[in-house]
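Peer 1: Below are the structure tokens for one structure; questions will follow.
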Amino acid sequence: MLAQLAKFFLGAIATQGVSAISGLLIARWMDVEDYALFTVMIVITGAMNLVTKGGVHFGFTAIIGRVWPDRNRAAQAMKAAIKERRLISLILVPAILAIAGWLLFKNHATYEQIALLLFLLLIQWEFDMRTRVVDQILLFAKLAPTIQTLDTFLSILRLIGIFLLKIYSVLQPVPVILINVLAAGLRVPFILRWLRLELPTDNIECCLNDRREIRRVSRRQLPLEVFFVFQSQVVLLILAWAGSPNQTAYVGALSRIGQLLLPVQAVTNAFAVPRFSAQRQNVFRNWLLWSIFGGAPGLVLVLVAYWYPAVLLFLIGPNYSELTYEVFIFSIGSAFSAAIANSWQLVANKGWNYWAWLQVPVFIAWCAIVPLYLDMKRLDHLLWFQAGFPIGLMVALIVELIAARLRGELLREPEK
């Protein structure tokens with residue numbers, strides 16, 4: 001397994017490394033005002049994908065972890081997941097589009113830019129609907145390296161597209177987002193073809209029990225997904241209300257540094273989650289080992305930001321070279337967030353999200369108390385405020401593990 005992990009990790013570095021280079025080049029080359037709009041679009045796209053698939057993904061993975069390698073049952077579960085995700089999207093996507101339009105307007109986008117960017121956001125959602133969540137089956141079928149190769153190729157195409165936009169002096173939000181959408185669209189035929197090869201396509205009916213289970217998990221998670229969308233946009237909302245487009249661009253540029261942690265998250269999602277969700281013995285030990293693995297790179301990032309901040313600031317370009325203290329704060333927040341998120345993904349994909357709601361009151365308390373002691377118009381104070389967001393998820397994770405221990409699912413020993 002170590003050899004497989006090493007191979008996948010190197011591939012993840014290649015895939016996410018190319019994506020990180022693209023993001024860093026955009027930060028270096030794009031005007032600060034345009035980069036503020038790009039930041040809004042990246043945050044909104046992530047929020048939209050999260051809110052429409054989070055609970056569905058957890059319920060779907062929990063079912064596949066139980067029934068695999070029964071392909072018929074996997075196909076039934078996939079149909080149930082698709083139907084549930086479309087239902088959730090029908091309710092939530094209009095609200096997300098409205099928020100996106102307001103944020104773009106507050107960051108000085110023209111009406112034409114707003115219309116084009118929202119249209120591209122809808123297309124992006126459709127492509128994500130057709131390839132994400134369902135591609136979890138390919139991970140269980142041990143096709144993670146194949147998917148990784150595809151994603152690396154698409155990342156390289158995006159990188160080439162960024163270079164072309166720079167050469168022709170059209171490195172602006174709409175063309176850049178269009179390249180992202182085209183890359184997402186190119187993923188669709190490959191994923192669908194591989195799914196057809198793995199799963200039966202004839203006489204497969206959606207299983208009602210699967211829909212009920214996915215809906216049950218989704219209902220527990222949906223309020224939290226809406227909360228996650230709000231949480232991910234709090235900083236942008238504050239900046240739109242009391243800050244400036246330049247500060248929005250600063251936050252967006254610093255977030256590019258967080259991409260350095262993406263290879264570890266890719267390993268967790270593609271390698272650790274399928275294995276961990278199917279395990280029934282030594283659960284706590286395996287969770288702890290994967291959690292340590294997921295948290296270690298973040299610690300390295302914090303140390304680099306403390307001792308050599310100029311190295312990280314060089315990556316995002318001269319427009320942000322004065323953010324020495326800010327990059328250290330952001331690195332702490334990114335490391336903390338990545339470590340907790342990786343650990344949470346493991347337990348949530350076993351269907352353990354009973355106490356996830358605890359994030360909401362903890363976050364509300366944080367938002368109510370901390371701004372009393374910080375000046376939210378200052379970028380460094382705003383970043384410290386943002387760095388504490390994962391505390392709610394950490395509390396939920398700890399309680400979830402205690403609950404699993406009480407149920408006897410956490411410390412179960414191997415059968416003799």
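The values are calculated or read from the model by the stated rules, or taken from the named source; none is laboratory data. Only a predicted model underlies this, so the values are computations on that prediction, with no experimental measurement involved. No Cβ is skipped: glycine too gets one built from the backbone with ideal geometry, and neighbour counts run over all protein chains shown. Quick note on the areas: whole protein, heavy atoms, side chains included, nothing else; ligands and nucleic acids left out. Shrake-Rupley method; radii C 1.70, N 1.55, O 1.52, S 1.80 Å.
Peer 1: Determine the shape class of region 59-208: with a ≥ b ≥ c the square roots of the Cα gyration tensor eigenvalues, call it rounded for a/c under 1.5, and otherwise prolate if a/b is greater than b/c, oblate otherwise.
Peer 2: oblate
Peer 1: Here's something else I'd like to know. Applying 1/(1 + (r/R0)^6) with R0 = 25 Å to the Cβ-Cβ distance of Arg71 and Asn49, what FRET efficiency is obtained, to the nearest 0.05?
Peer 2: Between Arg71 and Asn49 the formula returns 0.40.
Peer 1: Measure off, as a whole percent, the carbon and sulfur share of the 1.4 Å-probe accessible area of the chain, all protein chains present.
Peer 2: 67
Peer 1: Indicate the gyration tensor shape class of region 144-279 (rounded, prolate or oblate), computed on the Cα atoms with a ≥ b ≥ c the square roots of the eigenvalues: a/c under 1.5 is rounded; otherwise a/b larger than b/c is prolate and the rest oblate.
Peer 2: oblate
Peer 1: Compute the relative contact order of the chain as a whole-number percentage, counting only Cα pairs closer than 8 Å that sit 6 or more residues apart in sequence.
Peer 2: 25
Peer 1: Continuing with the same structure: Order Tyr111, Tyr354, Tyr306 by their accessible area, 1.4 angstrom probe, all chains in place, largest first.
Peer 2: Tyr111, Tyr306, Tyr354
Peer 1: Within the chain, what is the longest stretch that has no GluC sites (Glu not before Pro) placed in a DSSP loop and near at most 12 other beta-carbon atoms within 10 Å?
Peer 2: The answer is 1-204.
Peer 1: In region 111-202, which trypsin sites (Lys or Arg not before Pro) fall in coil by DSSP and have 12 or fewer other Cβ atoms within 10 Å? Mind showing how you got there, number by number?
Peer 2: Working: sites: Arg130, Arg132, Lys142, Arg158, Lys166, Arg187, Arg193, Arg196; in loops: Arg132, Lys142.
Those satisfying the criteria are Lys142.
Peer 1: For Ile369 and Asn203, compute 0.36 nm times the residue count separating them, minus their Cα-Cα distance, and round to one decimal in nm.
Peer 2: Answer, rounded to one decimal: 54.1 nm.
Peer 1: Please work out the average accessible area per residue across the chain, using the 1.4 Å probe convention, and give it in Å².
Peer 2: Value returned for the chain: 45 Å² of accessible area per residue.
Peer 1: Out of Leu143, Ala183, Val360, whose Cα points farthest toward the positive end of the dipole of the chain (charges: +1 Lys, Arg; -1 Asp, Glu; placed on Cβ)?
Peer 2: Comparing the listed Cα positions along the dipole, Leu143 ranks first.
Peer 1: If R0 is 35 Å, what FRET efficiency do you get for His108 and Ser169 from their C-beta distance, rounded to 0.05?
Peer 2: 0.95
Peer 1: Under a point-charge model restricted to the Cβ atoms of Lys and Arg (+1) and Asp and Glu (-1), what is the dipole moment magnitude of the chain relative to its Cα centre, in debye to the nearest 20?
Peer 2: 1320
Peer 1: What is region 331-411 by shape, rounded, prolate or oblate, if you read a ≥ b ≥ c off the alpha carbon gyration tensor as root eigenvalues and call it rounded for a/c under 1.5, prolate for a/b larger than b/c, and oblate otherwise?
Peer 2: Taking the square roots of the gyration eigenvalues as a ≥ b ≥ c, region 331-411 is prolate.
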